[in-house]
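Peer 1: Here it is, the structure in full.
The values are calculated or read from the model by the stated rules, or taken from the named source; none is laboratory data. Fair warning: this is a prediction, and the values are worked out from it, not measured in the lab. Heads up, the Cβs are rebuilt from the backbone with ideal geometry, glycines too, and the neighbour counts pull from every protein chain shown. SASA here: full protein model, heavy atoms, side chains in, ligands and nucleic acids out. Shrake-Rupley method; radii C 1.70, N 1.55, O 1.52, S 1.80 Å.
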Amino acid sequence: MAFVAVVAMTGTATSWVAQGTDDHRNAAHLMDRYSSDLSRAISTEIQRYGEMLTDVAVAVGAQPDLTAADFTWITNTVSNRRLPGATSLDLVVATGDTGMADLQTDWRRRGARNLTLQPSAPGGQHAFTVLRRSFDGRQRPTGTDLYSAPEAAQALRDSQAVGGFAVSRAYVLVLDHALPVAQQQISFRLAVPVYRPGNVFGGWLTMGVHGTDLLNAALQAQAHGAIAADLLETNGAVVQTVASASAGRARASSRSLDRITHITMGARTWTLKAYPTDALLRDVRQGIAGTTYRVAMTITALLTLIVGLLASARNRAMGKVDAATAALRDDIERREQVETRLRERELELQRMVLRDPLTGLANRAGLDAGLAELVGRDTQIALLLIDLDGFKLVNDVHGHAAGDLMLTEFARILHCCVRTGDVVARFGGDEFVVLLTDVPDEAGAVAIAERILACAAATPVRMGENTLAIRASIGVATGRVGDTPQELLRRADTAMYQAKHLGKHGIQVHHASLTNRHAAQSPLTDDLTGALERGELHVLYQPLVNLADRRPIGVEALVRWQHPRLGIISPAEFIPIAERTGSIAEIGLFVLETACRQIVSWDGRYVSVNLSPRQLQEPTLVHDVLDVLARTGLEPHRLVLEITESALVDDSTGIAMLREFREHGIRVAIDDFGTGYSSLHYLTRLPVDILKIDRSFVAELNGTPEGSGIAEAILRLSQVLHLTTIAEGVETASQAAELQLMGCGIGQGYLFAKPMPAAELNDMAWARTGGGVVL
């Protein structure tokens with residue numbers, strides 16, 4: 001009896017010791033995770049700061065004569081809510097003693113009226129802050145000489161030397177010396193060089209960051225009070241604190257729980273020391289698993305003692321019963337383990353059969369199961385068939401790893417944009433399908449498709465130094481009574497290919513006329529083959545009008561097909577056929593030569609001719625256009641070539657051609673601007689002279705700030721980049737007046753004139769006189 005008691009008490013004590021070991025192991029595991037998350041978060045924040053500084057530096061450098069107002073407008077896009085620890089964003093310019101007076105006068109002229117340069121010491125070079133955007137609410141004066149701080153001066157020199165992002169050593173910011181000592185923080189400065197047009201060095205864009213504020217923000221986001229930390233930097237034999245947030249560390253914890261990691265930023269390497277807090281140790285000790293384990297072991301020990309006291313006389317008989325019970329228990333456990341493994345294997349096989357291994361989405365079999373369950377029974381469903389635009393080019397240029405990354409990223413976007421009950425599947429290659437449920441009408445399905453395109457456009461894929469835009473074409477088909485899965489897929493597929501013909505990154509809803517149109521395209525393809533030789537293609541001209549005095553300054557050439565049996569065929573129908581068959585190149589040159597010959601007789605005006613994306617793939621396009629100008633005698637500056645915005649994205653060959661056109665004096669316009677995918681960083685590098693505001697934005701003009709928001713933003717962008725702006729689709733006098741008030745100088749639309757033959761324009765006085773008439 002005494003032996004049983006001793007064994008029970010020994011087992012209990014052993015379980016408590018074992019639990020203490022488990023507590024230490026759990027605490028160590030949590031410290032590994034929290035310190036890794038914290039290190040990654042700090043590294044990510046600094047990298048994001050660098051990318052933001054680089055983007056702003058590009059926008060600042062693109063201004064030929066930057067003003068304080070330009071700097072304010074550009075930096076207003078930067079939000080301090082996403083920049084923990086940031087103090088201010090500064091434009092810094094270098095000069096010597098002899099250039100200080102001229103530098104101060106020049107920047108005061110540009111809007112920095114209170115600028116007073118404060119050199120650290122006479123002689124040598126200086127780096128003055130001339131413009132500043134504050135993030136922490138403190139008003140800091142400009143004119144500070146950053147060369148007064150050796151740490152900041154070295155960061156500026158490093159940034160200029162590498163031509164990119166640099167981080168300074170830790171120090172107290174110059175302007176923070178005016179604060180009480182208790183409020184001063186050890187900080188560091190980030191710097192990137194600013195290059196003006198022509199790759200001319202124009203100074204630096206810098207940002208001061210309070211180290212402790214950054215570290216506290218990262219700790220709050222990643223650890224929630226579970227760990228404390230110090231951020232250190234080693235300069236030779238001296239270890240300097242970059243940031244300290246270790247006041248809450250647990251004093252009684254084992255040093256074996258401390259963690260050390262390293263963070264590398266450019267030429268700087270920081271050491272992150274993480275320590276457990278009392279909260280982490282308390283949570284580990286009071287965890288439900290530990291409590292349950294200790295209670296269970298205590299109860300087991302007590303029961304063992306009681307059973308031993310009561311059954312001492314029957315031990316030998318009960319030993320046989322216990323052995324039989326143990327054997328039965330083992331057999332039951334083995335059976336349960338086998339059944340569990342079989343169930344897991346069955347679930348794994350089902351996932352393999354119904355899931356795409358790359359994206360984790362449903363595969364064709366999984367989609368078929370969802371379609372069979374809903375199609376034909378439920379009419380409140382819709383199918384989105386999605387095809388990624390330009391995916392083959394991504395694989396060919398960047399490799400299959402980049403293609404796989406784009407597919408998995410787009411799969412993540414689809415998951416975020418749809419509801420829980422919807423089925424998302426990879427159909428094969430670069431095609432995806434979304435089966436929407438509880439969709440009352442096609443407007444609801446279109447809204448989800450628009451959300452998918454917006455999310456894709458806002459989430460480019462980063463592949464090393466390259467940023468790959470995600471663009472897609474979506475076909476939408478809604479459910480019908482008695483539908484079959486094959487019929488629903490066919491309608492969505494037809495709509496998707498129509499979306500691709502109308503322009504990339506778009507949506508097309510299936511309707512009956514669309515099916516009829518595709519059925520009718522086969523004879524149209526044959527008829528279009530000889531339409532040019534039979535004289536069935538004609539060129540019309542629509543005037544481009546100066547909004548100030550209503551005088552025409554040029555025309556846009558538009559092609560029309562007069563079919564002998566079907567009458568006028570819309571360009572929206574025959575242009576996609578011409579692009580598919582390759583006859584667009586011949587038709588495009590016909591329109592170009594016809595328009596150039598006509599405009600020669602209309603002195604002082606220019607002609608704008610559309611280029612198809614397919615034409616940009618012709619290697620002889622530049623030579624052909626220059627030949628037309630030579631044959632017709634039209635000066636290059638009187639010709640404008642229009643190209644859609646979406647045709648330029650990621651098309652390096654087309655962009656090179658447009659640059660060559662501009663070198664010969666031919667101007668380039670982006671048609672339907674605002675409907676594709678562009679960014680300020682991308683637009684500053686496009687070889688364009690004119691932006692044409694899409695008619696959909698002009699139609700929204702109604703005298704309210706909401707109606708004019710997009711058009712006004714495009715006009716402001718054009719003014720900053722020194723581009724001409726033309727408004728398309730001007731239908732009413734009120735639209736023309738509102739455009740003129742916003743600064744738009746040229747308009748085009750039925751308010752002034754519809755597209756018409758050259759003979760009708762010849763009958764108008766403006767075509768024959770130099771002065772022209774008001775339309």
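Peer 1: Condition first: open to solvent by less than 20 Å² (accessible area, probe 1.4 Å) and assigned to a helix (DSSP H, G or I). Now tell me which residues in the range 612-624 satisfy that.
Peer 2: 615, 616, 621, 622
Peer 1: Another question about this same structure. Based on this model, can you work out whether residue 192 counts as surrounded by 13 or more Cβ atoms within 10 Å (Cβ to Cβ) and at pLDDT 90 or above?
Peer 2: Working: surrounded by 13 or more Cβ atoms within 10 Å (Cβ to Cβ): yes; at pLDDT 90 or above: yes.
Here the answer is yes, as residue 192 does meet what is asked.
Peer 1: Exactly one condition in (1) open to solvent by 50 Å² or more (accessible area, probe 1.4 Å); (2) within 17 Å of residue 615 (Cβ to Cβ); (3) at pLDDT below 70 is not met by residue 651; state its number.
Peer 2: (1)
Peer 1: Being part of a helix (DSSP H, G or I) and in contact with a strand residue (DSSP E or B) (Cβ under 8 Å, 6 or more places away or on another chain) is the filter here, so list the residues in the range 589-611 that pass it.
Peer 2: Passing the criteria: 590, 591, 592, 594, 595, 596, 598, 599.
Peer 1: Which one of these is crowded, with 20+ Cβ neighbours inside 10 Å and either among the hydroxyl-bearing types (Ser, Thr, Tyr) or modelled with pLDDT of 85 or more (or both): 607, 600?
Peer 2: Step by step, each of 607, 600 is checked, and only 607 is crowded, with 20+ Cβ neighbours inside 10 Å and either among the hydroxyl-bearing types (Ser, Thr, Tyr) or modelled with pLDDT of 85 or more (or both).
Peer 1: Would you mention how many residues in the range 167-223 are small (Gly, Ala, Ser) and without any contact (Cβ under 8 Å) to a residue 12 or more places away in the chain?
Peer 2: The number of residues fulfilling the criteria is 3.
Peer 1: Further, regarding this structure: Residues 214, 219, 205: which one is out of contact with any Pro (no Cβ under 6 Å at 6 or more places or on another chain) and part of a helix (DSSP H, G or I)?
Peer 2: Being out of contact with any Pro (no Cβ under 6 Å at 6 or more places or on another chain) and part of a helix (DSSP H, G or I) holds for just one of 214, 219, 205, which is 219.
Peer 1: So residue 276 passes all but one of these: (1) in contact with a Phe, Trp or Tyr (Cβ under 8 Å, 6 or more places away or on another chain); (2) open to solvent by less than 20 Å² (accessible area, probe 1.4 Å); (3) farther than 15 Å from residue 188 by Cα. Which condition number does it fail?
Peer 2: Every condition holds for residue 276 apart from (1).
Peer 1: Continuing with the same structure: If residue 496 satisfies every condition in (1) under 29 Å from residue 644 (Cα atoms); (2) open to solvent by less than 40 Å² (accessible area, probe 1.4 Å); (3) out of contact with any helix residue (DSSP H, G or I) (no Cβ under 6 Å at 6 or more places or on another chain); (4) not in a helix (DSSP H, G or I) but one, which is the exception?
Peer 2: (4)
Here's the yes/no breakdown for (1) within 30 Å of residue 654 (Cα to Cα); (2) among the acidic types (Asp, Glu); (3) in contact (Cβ under 8 Å) with a residue 60 or more places away in the chain:
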position	(1), (2), (3)
366	no, no, no
389	yes, yes, yes
402	yes, no, yes
405	yes, no, no
409	yes, yes, yes
424	no, no, yes
428	yes, no, yes
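Peer 1: Now for a separate question. Take the residues in the range 89-106 that are touching a residue at least 12 places away in the same chain (Cβ under 8 Å) and surrounded by fewer than 21 Cβ atoms within 10 Å (Cβ to Cβ); name whichever of them is farthest from the chain's Cα centre (by Cα).
Peer 2: To start, the set of residues in the range 89-106 that are touching a residue at least 12 places away in the same chain (Cβ under 8 Å) comprises 89-97, 100, 103-104.
Those left that are additionally surrounded by fewer than 21 Cβ atoms within 10 Å (Cβ to Cβ): 93-97, 100, 103-104.
Values: 93: 31, 94: 34, 95: 38, 96: 41, 97: 44, 100: 42, 103: 38, 104: 39 Å.
Out of the qualifying residues, it is 97.
Peer 1: How many residues, within the range 156-165, are open to solvent by less than 30 Å² (accessible area, probe 1.4 Å), closer than 16 Å to residue 209 by Cβ and either at pLDDT below 85 or not polar (S, T, N, Q) (or both)?
Peer 2: Number satisfying all stated conditions: 1.
Peer 1: What are the residues in the range 109-146 that are within 17 Å of residue 177 (Cα to Cα), open to solvent by less than 40 Å² (accessible area, probe 1.4 Å), in contact with a helix residue (DSSP H, G or I) (Cβ under 7 Å, 6 or more places away or on another chain) and outside any strand (DSSP E or B), if any?
Peer 2: Across the range 109-146, the qualifying residues are 140, 146.
Peer 1: Would it be correct to say that residue 627 is assigned to a strand (DSSP E or B) and either on the phi > 0 side of the Ramachandran plot or without any contact (Cβ under 8 Å) to a residue 24 or more places away in the chain (or both)?
Peer 2: no
Peer 1: Something else now. Considering only the range 235-260, how many residues are surrounded by fewer than 18 Cβ atoms within 10 Å (Cβ to Cβ) and either modelled with pLDDT of 85 or more or out of contact with any strand residue (DSSP E or B) (no Cβ under 8 Å at 6 or more places or on another chain) (or both)?
Peer 2: Here the count works out to 13.
Peer 1: So in the range 166-186, with the set limited to residues that are in a loop (DSSP other than H, G, I, E, B) and open to solvent by 60 Å² or more (accessible area, probe 1.4 Å), which one is modelled with the highest pLDDT?
Peer 2: Applying the filter and picking the extreme gives 169.
Peer 1: Could you say which residue among 548, 572, 557 is in a strand (DSSP E or B) and either hydrophobic (A, V, I, L, M, F, W, C) or modelled with pLDDT under 95 (or both)?
Peer 2: 557 is the lone residue from the list that is in a strand (DSSP E or B) and either hydrophobic (A, V, I, L, M, F, W, C) or modelled with pLDDT under 95 (or both).
Peer 1: Continuing with this model, one more query. For residues that are of a type in the set (S, T, N, Q) and not in a strand (DSSP E or B), tally how many sit in the range 255-279.
Peer 2: The number of residues fulfilling the criteria is 1.
Peer 1: Can you name the helices (runs of 4 or more DSSP H) wholly within the range 655-758 that have at least 1 residues being surrounded by 18 or more Cβ atoms within 10 Å (Cβ to Cβ) and out of contact with any Leu (no Cβ under 9 Å at 6 or more places or on another chain)? Give the derivation first.
Peer 2: Values: elements: 680-683, 695-699, 705-720, 733-741.
Because the criterion is at least 1 residues that are surrounded by 18 or more Cβ atoms within 10 Å (Cβ to Cβ) and out of contact with any Leu (no Cβ under 9 Å at 6 or more places or on another chain), the helices (runs of 4 or more DSSP H) in the range 655-758 that meet it are 695-699, 705-720.
Peer 1: Then there's this: Considering only the range 147-154, I want to know if a residue exists there that is open to solvent by 70 Å² or more (accessible area, probe 1.4 Å), assigned to a helix (DSSP H, G or I), among the small types (Gly, Ala, Ser) and under 19 Å from residue 193 (Cβ atoms).
Peer 2: Checked against the condition, which is being open to solvent by 70 Å² or more (accessible area, probe 1.4 Å), assigned to a helix (DSSP H, G or I), among the small types (Gly, Ala, Ser) and under 19 Å from residue 193 (Cβ atoms), the range 147-154 yields no hits at all.
Peer 1: Follow-up question, since we're still on this one. Give me the pairs: first residue in the range 499-515 and in a helix (DSSP H, G or I), second residue at pLDDT below 75, beta-carbon distance under 8 Å, and six or more apart or on different chains, which are they?
Peer 2: Hits for this filter: 501/580.
Peer 1: Anything in the range 561-585 that is surrounded by 16 or more Cβ atoms within 10 Å (Cβ to Cβ) and without any contact (Cβ under 8 Å) to a residue 60 or more places away in the chain? List them, or say none. So that I can check it myself, show each step before the final result.
Peer 2: From the range 561-585, those surrounded by 16 or more Cβ atoms within 10 Å (Cβ to Cβ) are 561, 569, 573-579, 583-585; that's our starting set.
Once the filter is applied, which keeps residues that are surrounded by 16 or more Cβ atoms within 10 Å (Cβ to Cβ) and without any contact (Cβ under 8 Å) to a residue 60 or more places away in the chain, the range 561-585 yields 561, 569, 573, 574, 575, 577, 578, 583, 584, 585.
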